[in-house]
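Visitor: What follows is a structure written as structure tokens; I'll ask about it next.
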Amino acid sequence: MQPERPTDFRAVYQLLTSAGIEFIVIGGCAANLLGSPLFTVDMDVVYRRSDENMQRITDALAPLSPYLRGAPPGLPFKLDLRTLRNGLNFTLTTTLGSLDLLGEVAGGGTYDELSSSSEWTDFDGIKLRCVTLEKLIYLKRASGRLKDLNVIAQLEALRQEKRKLEVEGK
């Protein structure tokens, strides 16, 4: 089991993209990519559940010693294709920090269902798929979690500012 540590977002993005993993960034990281100063400690991604993509995930994450976040030490866990097939959502700790692999998300569904509400963005030279601001607000509402509901006003203010800039042609 890994001790909790700050997530190295750049390193995780680089690892996932260089391995050819199909994923969409959601949650606090998506808020950051969309211009929010929201503080987040983990990375949430919705991954495509094809066997090929899940194999790429297990191959890429194996060197990072993935373990179920919050699970008792010594609990037998191996992130492999069988585990991914039999599960859906995994909250992991790794040597690069916390990563939540979500096969499906409330209000958004699966990777394929969410892809039409995502767009390519750039993070420090790394091309990533990220949910749109509209969809992120919708996902936060759909989760119903207090911590998500508390950031909606901030995301809506960001949306308003972006619309204002579009109108002004900036």
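Visitor: Please enumerate the residues belonging to the stretch 61-74 that are at pLDDT 90 or above and not polar (S, T, N, Q). Walk me through it before giving the result.
Guide: Step one: filter the stretch 61-74 for residues at pLDDT 90 or above, giving 61-72.
If the condition is that a residue be at pLDDT 90 or above and not polar (S, T, N, Q), then 61, 62, 63, 64, 66, 67, 68, 69, 70, 71, 72 are the ones that fit.
Visitor: Among the residues of the stretch 17-28, which ones are in contact with a strand residue (DSSP E or B) (Cβ under 6 Å, 6 or more places away or on another chain), at pLDDT 95 or above and buried (at least 18 other Cβ atoms within 10 Å of the Cβ)? Before you say what the answer is, go through the steps one by one.
Guide: At the first step, the residues of the stretch 17-28 found to be in contact with a strand residue (DSSP E or B) (Cβ under 6 Å, 6 or more places away or on another chain) are 17, 23-27.
Among the residues that remain, those that are also at pLDDT 95 or above are: 17, 23-26.
Across the stretch 17-28, the qualifying residues are 23, 24, 25, 26.
Visitor: Does residue 96 qualify as being in contact with a Ser or Thr (Cβ under 7 Å, 6 or more places away or on another chain), without any contact (Cβ under 8 Å) to a residue 40 or more places away in the chain and not polar (S, T, N, Q)? Lay out the reasoning, then the answer.
Guide: Numbers: in contact with a Ser or Thr (Cβ under 7 Å, 6 or more places away or on another chain): yes; without any contact (Cβ under 8 Å) to a residue 40 or more places away in the chain: no; not polar (S, T, N, Q): yes.
Answer is no for this residue.
Visitor: Every residue in the stretch 88-113 that is closer than 18 Å to residue 15 by Cβ and part of a strand (DSSP E or B), please.
Guide: 90, 91, 92, 93, 94, 97, 98, 99, 100, 101, 102, listed by residue number.
Visitor: I would also like to ask the following. Taking the stretch 94-109, which residues are among the hydroxyl-bearing types (Ser, Thr, Tyr) and either at pLDDT below 95 or surrounded by fewer than 17 Cβ atoms within 10 Å (Cβ to Cβ) (or both)?
Guide: Step one: of the stretch 94-109, the residues among the hydroxyl-bearing types (Ser, Thr, Tyr) are 94-95, 98.
95, the sole residue that qualifies.
Visitor: Follow-up question, since we're still on this one. Looking at 56, 85, can you tell me which residue is surrounded by 14 or more Cβ atoms within 10 Å (Cβ to Cβ) and not in a loop (DSSP other than H, G, I, E, B)? Steps first, answer last, please.
Guide: Details: 85 fails: surrounded by 14 or more Cβ atoms within 10 Å (Cβ to Cβ).
From the options 56, 85, the qualifying one is 56.
Visitor: A follow-up question, please. Those residues that are of a type outside the set (A, V, I, L, M), farther than 20 Å from residue 19 by Cβ and surrounded by 13 or more Cβ atoms within 10 Å (Cβ to Cβ), I need them from the stretch 59-82; list them, please.
Guide: Just the residues of the stretch 59-82 that are of a type outside the set (A, V, I, L, M), to begin with: 59, 63, 65-67, 69-70, 72-74, 76-78, 80, 82.
With the extra rule that they be farther than 20 Å from residue 19 by Cβ, the set shrinks to 69-70, 72-74, 76-77.
Of everything in the stretch 59-82, those that are of a type outside the set (A, V, I, L, M), farther than 20 Å from residue 19 by Cβ and surrounded by 13 or more Cβ atoms within 10 Å (Cβ to Cβ) turn out to be 69, 77.
Visitor: Go through the residues of the stretch 127-139 one by one and say whether even a single one is surrounded by fewer than 18 Cβ atoms within 10 Å (Cβ to Cβ), of a type outside the set (D, E, K, R) and more than 17 Å from residue 24 (Cα to Cα). Write out each step before concluding.
Guide: First, pick out the residues of the stretch 127-139 that are surrounded by fewer than 18 Cβ atoms within 10 Å (Cβ to Cβ): 127, 132, 134, 138.
Narrowing the set further to residues that are of a type outside the set (D, E, K, R) leaves 132, 138.
Narrowing the set further to residues that are more than 17 Å from residue 24 (Cα to Cα) leaves none.
No: zero hits.
Visitor: Moving on. Report, ordered by the first and then the second residue, all pairs with beta carbons closer than 7 Å, sequence separation of six or more or different chains, a first member in the stretch 53-74 that is among the charged types (D, E, K, R), and a second member that is surrounded by 15 or more Cβ atoms within 10 Å (Cβ to Cβ) and not in a loop (DSSP other than H, G, I, E, B).
Guide: From residues that are among the charged types (D, E, K, R), the pairs are 69/91; 69/92; 69/93; 69/98.
Visitor: Return a yes/no flag: does the stretch 69-76 have any residue that is touching a helix residue (DSSP H, G or I) at 6+ places or on another chain (Cβ under 6 Å) and not acidic (Asp, Glu). Working first, answer last.
Guide: The first filter runs over the stretch 69-76 and keeps only residues touching a helix residue (DSSP H, G or I) at 6+ places or on another chain (Cβ under 6 Å), leaving none.
No, the conditions are met nowhere in the stretch 69-76.
The values are calculated or read from the model by the stated rules, or taken from the named source; none is laboratory data. Just so it is clear, the model here is predicted, and its values are computed rather than measured. Virtual Cβ from ideal backbone geometry, glycine too; neighbours counted across all protein chains shown.
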